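The values are calculated or read from the model by the stated rules, or taken from the named source; none is laboratory data. Source: prediction; values computed, not measured. Here Cβ is always computed from backbone atoms with ideal geometry, including for glycine, and neighbour counts include all displayed protein chains.
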Amino acid sequence: MLYFRLGHTSLPLVINTWPFKSATAAAWHALQSGGSVLDAVEEGCARCEVDQCDGTVGFGGSPDETGETTLDAMIMNGNSMEVGAVADLRRIKNAIGVARAVMERTEHTMLVGESASVFAENMGFVAEDLTTNESLNVFSQWLKGNCQPNYRKNVSPDPSTSCGPYGPKAAQTQCNGERQVNIHSHDTIAGMIAVDKDGHMAAGTSTNGLSHKVPGRVGDSPIIGAGAYADSSAGAAAATGDGDIMMRFLPSYLAVELMRNGADPSAACKSAISRIKRHYSDFFGAIICANTTGHYGAACNRVPSLTEFHYMVADSESDTAVLKSVPCF
């Protein structure tokens with residue numbers, strides 16, 4: 001099989017999944033203005049939260065089964081290995097900011113649900129409605145379509161034809177139905193990686209998760225080693241796609257460990273995708289990787305809805321956000 005050696009750049013470096021140019025530009029501006037790599041990741045993810053990138057990041061997107069939008073986010077310091085994460089966050093638009101507050105204002109790594117929202121309010125974050133007319137319309141149309149698609153199985157009534165409320169079936173059967181995850185319903189900005197001129201690294205994620213998810217569902221984005229991972233002695237990686245599948249394999253952690261052992265970023269990315277592909281050949285997902293010297297790469301699993309993966313890069317050579325792509329395999 002072929003793999004593609006995609007990037008050899010000059011530091012500093014910003015790289016993020018998907019063609020979210022405004023996020024890249026915000027992160028790059030933070031670095032160029034003297035900010036840290038943590039500042040860059042926070043600013044980049046926050047820009048996507050405000051812009052509602054692709055409807056998969058920030059408020060007003062991906063309503064769950066009750067019509068509510070909830071947010072997940074994570075940020076990691078590759079120097080100290082400190083992490084802050086939030087999941088199932090309600091009422092607070094700046095999820096990445098709350099994740100950083102968890103890292104810097106508590107001894108914990110992750111806060112979830114209503115308690116995370118209360119923490120955010122106590123830290124000065126403004127409570128706002130995450131629902132919009134657009135997300136309400138998406139929810140309304142989903143109800144009219146008998147709640148299709150959804151992520152239930154082995155329940156009654158039949159989730160493939162009916163809305164809930166659901167209860168357990170008397171006898172469970174194996175469900176092998178196709179998962180309804182595609183380019184407009186994935187977890188995460190997927191991530192953003194920032195590397196400064198000295199090789200210091202940070203990574204982060206922000207997402208509103210899967211549309212029509214079961215309330216309380218948490219994807220891969222806020223899970224350390226799944227959504228993203230950074231270690232300034234080795235590299236950083238960030239993943240995007242079907243978080244329920246991808247989080248089982250910790251692809252970001254795996255990619256960083258492969259780079260630690262000498263793999264170039266493109267090869268590390270491809271190996272991380274291949275590990276998942278052995279078990280779930282039709283999963284929807286991609287990953288970006290960067291090492292401490294400024295090499296970077298990406299890889300994606302080829303499915304009908306994803307044949308080529310686009311991501312953004314900014315570095316000292318380009319001094320601006322540049323669109324990159326890699327063919328999926």
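Things to note:
- Some residue of segment 141-150 being part of a loop (DSSP other than H, G, I, E, B), on the phi > 0 side of the Ramachandran plot, of a type in the set (S, T, N, Q) and free of Cβ contacts under 8 Å to residues at least 24 places away in the same chain: yes
- The lone criterion from (1) free of Cβ contacts under 8 Å to residues at least 60 places away in the same chain; (2) outside any loop (DSSP other than H, G, I, E, B); (3) of a type in the set (D, E, K, R) left unmet by Arg248 is number (2).
- Ala26 being outside any loop (DSSP other than H, G, I, E, B), closer than 23 Å to Val195 by Cα and touching a Lys or Arg at 6+ places or on another chain (Cβ under 7 Å): yes
- Considering residues of segment 118-140 that are polar (S, T, N, Q) and outside any helix (DSSP H, G or I) only, the residue farthest from Arg217 (Cα to Cα): Thr132
- Matching option when the condition is of a type outside the set (S, T, N, Q), surrounded by 24 or more Cβ atoms within 10 Å (Cβ to Cβ) and closer than 23 Å to Ile96 by Cβ, among Gly243, Gly216, Gly225: Gly243
- The one condition in (1) assigned to a helix (DSSP H, G or I); (2) in contact with a Lys or Arg (Cβ under 8 Å, 6 or more places away or on another chain); (3) not acidic (Asp, Glu) that Ser115 fails to fulfil: (2)
- Pairs, first part of a strand (DSSP E or B) in segment 298-318, second among the charged types (D, E, K, R) and surrounded by 24 or more Cβ atoms within 10 Å (Cβ to Cβ), C-beta under 8 Å, six or more apart: Ala299/Lys270
- Condition met for Gly67 (more than 20 Å from the chain's Cα centre (by Cα), on the phi > 0 side of the Ramachandran plot and not aromatic (Phe, Trp, Tyr)): yes
- Only listed residue being within 17 Å of Val256 (Cβ to Cβ) and either modelled with pLDDT of 95 or more or out of contact with any Asp or Glu (no Cβ under 7 Å at 6 or more places or on another chain) (or both), chosen from Thr293, Thr320, Thr307: Thr293
- Residues within segment 93-137 that are free of Cβ contacts under 8 Å to residues at least 60 places away in the same chain, of a type in the set (Lys, Arg) and touching a helix residue (DSSP H, G or I) at 6+ places or on another chain (Cβ under 7 Å), tallied: 1
- Filtered by the rule that a residue be part of a strand (DSSP E or B) and in contact with a Phe, Trp or Tyr (Cβ under 9 Å, 6 or more places away or on another chain), segment 213-230 gives Ile224, Tyr229.
- Test: residue in segment 165-186 that is at pLDDT below 95, within 25 Å of Ala202 (Cβ to Cβ) and in contact with a strand residue (DSSP E or B) (Cβ under 6 Å, 6 or more places away or on another chain): yes
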